[in-house]
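Please read the structure below before turning to the comments.
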């Protein structure tokens, strides 16, 4: 299979009075169409890994070294303009959904197309008819019925906001989906529904998907390849078929005593 | 045992320390007020002696000259047009300041610190001082008023909104960035939607302020109904003065009422039907266009004004340092006026606050409602008009300034104090009542601790506002550094105005800074 993402010697340090090394020498090779779950306890570096791939870590003034090749282009060496172009191919889904609550559901989905529509018409709030049509379809696909598309996003429940977040990512026609703890703020039932949406998208369209999860049950249920992170290092990387169900939790999360 | 003695030693020392620091603070306050009251030559006897003249003056104004009413239609419209256009232009100027002064939008300190500095400097200059400067630059008339109001509006809207902008949710900004959107698109889709409600709310609030200011700006020649007021005063035509004052009063009340309704709807996030929204936008847009057209707002005059403004800035840029000492002296006097005036206002507003808050104190409803209206009514009289009345009573000097500030501030302090009282938590009150404490004890131990920090914070905030007011009231003859500006304006000596600016801007900045620090400590405990 063709490699879509190749991470080499990636280290991320958050500066400060006491600098924190969030990732150390991470190497990962992701092929097109894979469905990868990154597992680990909080603080293990999962978020930093995903946020490094589209360089959101720069917002936290992190120092990043190594290389991240997305489709053969080095993300870390990209100029601002190239970075925007790269980001437009990567759908990102956040734990807190990060929808703009004052905007309508539809407009939130349409923000996924900002990188491809003209700046000036988008500043006036105008989007091409075809994109609006696509946004309606994307929202319906993730389970938001048409009558709710005109509502303010603030009026949605958590699970519905996350669906809008996924629709926004779908509008980007992404080649890669990065989801950072997408179900951590949801109840178990809704969490499964949302995870199934990711699964379906991956299976139907073959979009490469990397999801961070801290919950072992969901990790085991949905992951087709599981990458374990601990204190910023990759300690586990196996396809689901090679995983020993008995020792899996111990291997990734560890008990801490004596290990 | 050892721990017990240690504890006793600690508590004894802290009790003794507290008494000492209490005494020190008390002595410092006595000295401060002694200094301030001598500075403004505050003499309660004078108020009783000449206070009667105030009512005599009112008597001479009664009945108002209603036959002159039709003459004021056009100036009144002009006043409202000035306020509309000034607020609109100020809003346009404020938006970029807010966006680029936000750390969440611009991550480079090289951009947001300069922007914030400009914002702070703009805000230090009092309303009437802007008016004086614009009259010099653009000549007499309403356009000078529009210029002054737009700068004043810009300063306040930018300041208030950027405080709200610091609290917006940064997460949606990241989400939009992650889609590959550019900076402008991020601002349009993640920043503007979040700050818009606060921005509009503050804009409407500033419109209320601008209407008040616009009614008196004519006093320094910046157009509007204030010009008629000045003429009537000069001719000592008191019934006409009364008519104009009543018109101003009614206008301010009506505008406040309408603006408050709209602001309530905004704050509560009421979804306004699309049609109504477009209608509202249309009405506002046509009001702005109509104002611009009837004030003969044209580019040519604006450009000429910019030219004059350069001259003015050049002239002011060469301050007349000879007058520096005098300016500092007068600025100190302004501070004293603000301090004494705000304190008197505070003493009057505390009981009003309790009486207007029915929910807790159990005051009968009609009485509470009456007291609730007192602050609103008072607020509708601009300080400057009160100052003019008091000058007519007591003659020019610091006393009219002190009184104008004392009375006008009751409006805001009384209103907000009542809100504080209404928010008193019942649980601690019941707990103290349950111990068998007397009413006075309940007040001292359950109510006062809840309201005092907030009352004091409001007092200090008002003091901050009043320092600005006190530095311009002198323009009409009510003492302080404004009197120096007045003299400079009469002599057309802009170097003196420059010195005054050099003194006022840092003084106000220091007061703002201290006030923010003290209020933060008071509220956080």
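Some values worked out for this structure:
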read-out: Gap separating the Cα centres of region B:351-401 and region A:144-193, nearest whole Å; value: 53
read-out: Gain upon complete extension [residue B:373, residue B:246; 0.36 nm per residue less C-alpha separation]; value: 44.0 nm
read-out: Residue order, fewest to most beta carbons within 10 Å, for B:468, A:18, B:444; value: A:18, B:444, B:468
read-out: Packing rank of A:109-117, B:94-102, where each peptide gets the mean count of other beta carbons within 10 Å, highest leading; value: A:109-117, B:94-102
read-out: Cut-off 16 Å, label 7 Å out along Cα→Cβ of residue B:171, residues of region A:141-165 by amide N; value: A:153-165
read-out: Relative contact order %, region B:1-157, counting alpha carbon pairs below 8 Å whose residues are six or more apart; value: 24
read-out: Calculated P(r) of region A:97-173 - Cα pairs past 16 Å, %; value: 40
read-out: Span from the region A:22-80 Cα centroid across to the region B:215-291 one, whole angstrom; value: 57
read-out: Ranked list, fewest to most other Cβ atoms within 10 Å of each Cβ, for B:422, B:322, B:177; value: B:322, B:422, B:177
read-out: Calculated FRET value between residue B:258 and residue B:309, using beta carbons and R₀ = 35 Å, to 0.05; value: 0.55
read-out: Chain B: relative contact order in percent, alpha carbon pairs under 8 Å with at least 6 residues between; value: 18
read-out: Estimated FRET transfer efficiency (residue B:440, residue B:289; beta-carbon r; R0 51 Å; 0.05); value: 0.25
read-out: Label-point separation, residue B:58 to residue A:123 (7 Å along Cα→Cβ), nm; value: 5.6
read-out: Average beta carbon contacts from partner chains per residue of B:49-55, 10 Å cutoff; value: 0
read-out: Relative contact order of chain A, defined on C-alpha pairs under 8 angstrom at six or more residues apart (%); value: 27
read-out: Full-stretch length increase - residue A:245, residue A:154 - with 0.36 nm per residue and alpha-carbon distance subtracted; value: 28.7 nm
read-out: Peptide A:76-89 - average C-beta neighbours from other chains (10 Å radius); value: 2
read-out: Degrees between helix A:129-141 axis and first principal axis of chain A (Cα, 0 to 90, nearest 10); value: 50
read-out: Extended-chain gain in nm, criterion 0.36 nm per residue less alpha-carbon gap, residue B:31 and residue B:324; value: 102.9 nm
read-out: Exercise: per-residue mean of other protein chain Cβ atoms within 10 Å, A:123-135; value: 1
read-out: Computed E for residue B:272/residue A:20 - FRET, C-beta separation, R0 51 angstrom, nearest 0.05; value: 0.60
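Quick note: the coordinates plus some simple rules give every number you see, no bench work behind them. Since the structure is predicted, the reported quantities are computational estimates derived from the model, not experimental observations. Note: ideal-geometry Cβ built from the backbone for every residue, glycine included; neighbour counts use all protein chains shown.
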